[in-house]
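Below: the structure, in structure tokens.
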Amino acid sequence: MENAIARKLDPPEINPIEIESVLLNRLASVGQKSYAEHMGISESTVSRR
């Protein structure tokens with residue numbers, strides 16, 4: 001029983017490419033929001049560009 005519990009507590013394996021993708025997508029979305037606000041247009045319009 002202890003082994004089953006220990007396995008659940010192991011940290012997830014980190015995939016550097018996946019982390020990079022998530023970070024870049026979040027940074028892009030932050031940039032889109034500020035650009036959209038600056039230009040006075042919607043974020044969806046910016047994301048289509």
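The values are calculated or read from the model by the stated rules, or taken from the named source; none is laboratory data. Because the structure is predicted, anything quoted here is derived from the model rather than measured. Methodologically, a virtual Cβ is constructed for each residue, glycine included, from the backbone with ideal geometry; neighbour enumeration extends over all protein chains shown.
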If you take the residues of the stretch 6-49 that are assigned to a helix (DSSP H, G or I) and among the hydroxyl-bearing types (S, T, Y), which of them is nearest to the chain's Cα centre (by Cα)? S21
Could you run through the stretch 1-45 and say how many residues are modelled with pLDDT under 80, surrounded by 11 or more Cβ atoms within 10 Å (Cβ to Cβ) and of a type in the set (D, E, K, R)? 1
